[in-house]
Each structure stands twice: as structure tokens, then as C-alpha cells.
Amino acid sequence: MHFLSVADFSSEELEELMSLITTIKKHPERFSNRLKNKTLVLIFEKPSTRTRVSFEQAILQLGGHAITLRREEMQLGRGESIADSARVLSRYVHAIMARVYNHESLVELAKYSTIPVINGLSDLEHPCQIVSDLFTVYEEFGSLEGIKLAYVGDGNNVCNSLLLGCALLGVELRVATPKNYRPSPKILKKAIELNPTIQLMDNPAKAVERANVVYTDVWVSMGDEGEEEERVKVFKPYQVNTKLLSHASPDVKVMHCLPAHRGLEITDEVIDGHSSIVWTQAENRLHAQKAILLKLMK
């Protein structure tokens, strides 16, 4: 089984993951040798802090080994095909995590791999992040039932995966993005078909109205640096600040998948304030990666 999209897991499997992550976080010692002598290869085309460290630590704490490679360190960087790399790695290790620019590279890798391939981030989705994020909400509120979640900002890969995750788990989600920066139409359509409570709009204040959770991400993702000046202008009304949060529930929690560009998509007083659960959200990447590896590498 590969994990390229949140939708690769069923609603039932995602619910099982929430339960498994809870147990892993409370009792990590129970899982210390579950992946003994198993090896995970981590391939990075893009820089990474949380994805790299959480996956390396996850496999090590489960008793296995990590091999981390940048694309330029591999023969991929010298013209070897993705298909051939997949065939060879399948003979050496037990799973591949890849963080890539183009989602089609993951699709190609999975097509020719006989071992699990995990999407560590692509231009289309960031599924491991969303498994961790939805667990963070589950942990904070004790349940996902009745939760109103608002996403404010760029309709990027994180937004796409959040749409699918909320759709599968029945979370009411309102997404506010500028009209020219909306999420994938195909993913949005699929999400709404699964969960009709999902809404797309361009008014951030309306999106966060009575929200239990407000989530944001960077306005300029890796690869979009050439659009930075224009994006900053367009996204300015979408900043998560105290004024915007005044429309949300009094007990609202704020999330950001990091890295944060403070003073742009989120203010210091919000990310460092009492409503922020950003650091718990970041920690939970480790526990979630463990659960994902256990499910795919067992």
C-alpha cells in the first residue's frame, strides 16, 4: 500500500490511525522494536526540517533505520529514471518517503516500487501533515465530532489534503482563499461529494465565524518565490491576527504547519498566544509518522 494522498486511506483507516497515534504518544515504549531491522529511505528534492527529523526519529524509535538522500546525491540527479530507481530501492529497503516538487514523480515512483511509497510533500498534497493535524484537533477537543475548522490563506497542497481529511472524517470545514488561489478543483469537488458541509469562500471573517480551529499556512510556498510581491498584496486581508480571531469561537485554537512567516500570514501575538497549539501540532508529526510507518511497513 502506498500513501500518496489522504484519500488513500478510508474513513475507517483514518479513525484507526487517530486511535493508534493516541496510544503511541502515551506509550511509546510499547512500539520500540516494532520495525526492528526495517529500513526507510528518505528522498528530498525540497528542503525540510519537520518532515525529515520526524521521519528519521520515527523509524529509529521504532527500532529501524533511516537513509536520507538528497536528489543530487542519487543517480536520479544524473539522469537515471524514476522507474529504475524505484526498482532498485525496492530490492534494498522496506519503504520510501519522498518529498518532491512534482506529484507525478511520486506517482511514477509508486508505479514501479514493490515497497510502500509515502508522500512527504508534493505540489498537490501533504498527507502526512494532515494526519498529524487532524490528530492534534482530535487530541485537543477529545473528538472531531461537531468541530468547525476554518482554513485561511493559499489553496495549496496543505489545503488540498485538509479538504480530503476533513471530508473523510466528517469535519465541517470552511476554506477562505483569494479567487485566483483556490485549491484543486478536482479535490474540492471530491471533498464536497464526501462531506457537503465543506464550503469554499473568499471572505476570511465569514470563514472563521464561530470556528473552533483556525488554520493557516505560508502565502509563498517553495517554488512560488517569483510571485512573492504579488502574493503578499493579495493575501494581506487573509492574515490570521487578533481582529480576525474575534469572529471565531471564544475557545478557538490556532494552527500553522510551519515554517511561519511571522508578520505575514500570522502575527507574533497569535502564534505565541494562548490560542496557539502550533508547537503541539509540530510535535505530533513524530507520533503520526510512527503510526503511518507501522501501518505501511508491518
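Structure notes:
- Selected residue (criterion: nearest to ALA248 (Cα to Cα)) from residues of region 161-199 that are touching a Ser or Thr at 6+ places or on another chain (Cβ under 8 Å), in contact (Cβ under 8 Å) with a residue 40 or more places away in the chain and surrounded by fewer than 24 Cβ atoms within 10 Å (Cβ to Cβ): GLY170
Listed here are the residues, each with its yes/no results for (1) within 20 Å of LYS38 (Cα to Cα); (2) not small (Gly, Ala, Ser).
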| site | (1), (2) |
| --- | --- |
| SER81 | no, no |
| VAL93 | yes, yes |
| GLU125 | no, yes |
| LEU134 | no, yes |
| GLU140 | no, yes |
| ASN157 | no, yes |
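- Verdict on VAL254 being part of a strand (DSSP E or B) and either of a type in the set (S, T, N, Q) or farther than 24 Å from ASP123 by Cβ (or both): yes
- VAL158 of a type in the set (Val, Ile, Thr), assigned by TED's automatic domain parsing to the domain that holds ARG182, touching a residue at least 12 places away in the same chain (Cβ under 8 Å) and more than 18 Å from TRP279 (Cα to Cα): no
- Meets criteria (buried (at least 17 other Cβ atoms within 10 Å of the Cβ), touching an Asp or Glu at 6+ places or on another chain (Cβ under 8 Å), part of a helix (DSSP H, G or I) and not assigned by TED's automatic domain parsing to the domain that holds ALA205) for ALA66: no
- For beta carbons closer than 6 Å, sequence separation of 6+ or different chains, a first residue in region 29-46 that is surrounded by 17 or more Cβ atoms within 10 Å (Cβ to Cβ) and part of a strand (DSSP E or B) and a second that is of a type in the set (D, E, K, R) and modelled with pLDDT of 95 or more, the qualifying pairs are PHE44/ARG99.
- Residue in region 271-286 that is surrounded by the most Cβ atoms within 10 Å (Cβ to Cβ), counting only those that are without any contact (Cβ under 8 Å) to a residue 12 or more places away in the chain and part of a helix (DSSP H, G or I): GLU283
- Pick from region 78-118, criterion of a type in the set (Phe, Trp, Tyr) and assigned to a helix (DSSP H, G or I), ranking: surrounded by the fewest Cβ atoms within 10 Å (Cβ to Cβ): TYR92
- When THR197 is tested against (1) modelled with pLDDT under 95; (2) among the polar types (S, T, N, Q); (3) within 21 Å of SER143 (Cα to Cα), only condition (1) is not met.
- Output for region 202-232, where each listed residue is surrounded by 24 or more Cβ atoms within 10 Å (Cβ to Cβ) and part of a helix (DSSP H, G or I): PRO204, ALA207
The values are calculated or read from the model by the stated rules, or taken from the named source; none is laboratory data. Values in this document were obtained by computation on a predicted structure and should not be read as measured data. For neighbour counting, all protein chains shown are included, and Cβ atoms are generated from backbone atoms with ideal geometry for every residue, glycine included.
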